[in-house]
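The values are calculated or read from the model by the stated rules, or taken from the named source; none is laboratory data. These numbers come from a predicted model, not from an experiment. So basically every Cβ, Gly included, is an ideal-geometry build from the backbone, and we count neighbours across all protein chains shown. Side chains are part of the model used for accessible areas, which takes the heavy atoms of the whole protein and leaves out ligands, DNA and RNA. Shrake-Rupley method; radii C 1.70, N 1.55, O 1.52, S 1.80 Å.
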Amino acid sequence: MRLFFTLIAILLCWISSLAQPASNKQIRVKVLTESRSHLADAIVTLLAQDSSVIKSTASDNLGTVLFDHLEAGNYIIRVRLLGFADYSSALIDLVAKNEQTDTVIMKAEQIVLQDVTVTSKKPLIQFLPDKTVINVEASITNAGTTVMEVLEKSPGITVGRDGTINMKWS
């Protein structure tokens, strides 16, 4: 008798799971440039009406993204890609419709620099074909030091306690 009731319970659970409506709502997004070419690797984010993130993915080589198995509700699409202005769609209503297809045209962002200043600093040690140059002004620790203190820090040079200077030859 116990086995009979167990089988009836399993059968009722299975039938009730078949009665659940399948959520087949989907949103397809096609991302294009202003010249109507496909825009791959754009980050497409599906947001709920309250701007909480539901799903996020990158567009494929054809610039398409498919969000499927969605619940009925209102959604927003946001598309981002470096070098292009961000795009946010109007509210998409998936209560009445089962699917929505949007084409997003991304506009290039042009940023013009006013001034560019290139600065360089000499390296502390320069190895030239016939000599080794130590640029004292290149090290901040050399500020206010004497020549002997700079020589003590130099590679290949040893300064003795009595002030003798020895140079290593290679």
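Out of the residues in segment 80-129 that are in a strand (DSSP E or B) and aliphatic (A, V, I, L, M), state the one that is farthest from THR33 (Cα to Cα).
That would be ILE125.
Among the residues of segment 33-54, write down those that are surrounded by fewer than 16 Cβ atoms within 10 Å (Cβ to Cβ), of a type in the set (A, V, I, L, M) and in contact (Cβ under 8 Å) with a residue 24 or more places away in the chain.
ALA48 - this is the single residue of segment 33-54 that is surrounded by fewer than 16 Cβ atoms within 10 Å (Cβ to Cβ), of a type in the set (A, V, I, L, M) and in contact (Cβ under 8 Å) with a residue 24 or more places away in the chain.
I need the full set of residues from segment 133-170 which are of a type in the set (A, V, I, L, M, F, W, C) and farther than 24 Å from SER120 by Cβ, in order please.
Answer for segment 133-170, where residues must be of a type in the set (A, V, I, L, M, F, W, C) and farther than 24 Å from SER120 by Cβ: VAL147, MET148, LEU151, ILE157, VAL159, ILE165, MET167, TRP169.
Restricted to segment 130-148, and to residues that are within 44 Å of the chain's Cα centre (by Cα) and part of a loop (DSSP other than H, G, I, E, B), which residue is nearest to MET167 (Cα to Cα)?
Here the answer is ASN135.
For segment 137-170, which residues satisfy the criterion of being of a type in the set (A, V, I, L, M) and either open to solvent by 60 Å² or more (accessible area, probe 1.4 Å) or touching a residue at least 60 places away in the same chain (Cβ under 8 Å) (or both)?
Passing the criteria: ILE140, ALA143, VAL147, MET148, ILE165, MET167.
Out of THR64, THR101, THR57, report the one residue that is among the polar types (S, T, N, Q) and in contact (Cβ under 8 Å) with a residue 60 or more places away in the chain.
After applying the criteria, what remains is THR101.
If you go through segment 110-124, how many residues are modelled with pLDDT under 80 and β-branched (Val, Ile, Thr)?
The total comes to 2.
Find the residue count for segment 55-91, including only residues that are open to solvent by less than 70 Å² (accessible area, probe 1.4 Å), closer than 19 Å to ILE105 by Cβ and aliphatic (A, V, I, L, M).
Adding up the residues that qualify gives 7.
Return the residue satisfying two criteria in turn: it lies in segment 1-32 and is in a loop (DSSP other than H, G, I, E, B) and surrounded by 10 or more Cβ atoms within 10 Å (Cβ to Cβ), and of such residues it is modelled with the highest pLDDT.
Among them, the one singled out is ASN24.
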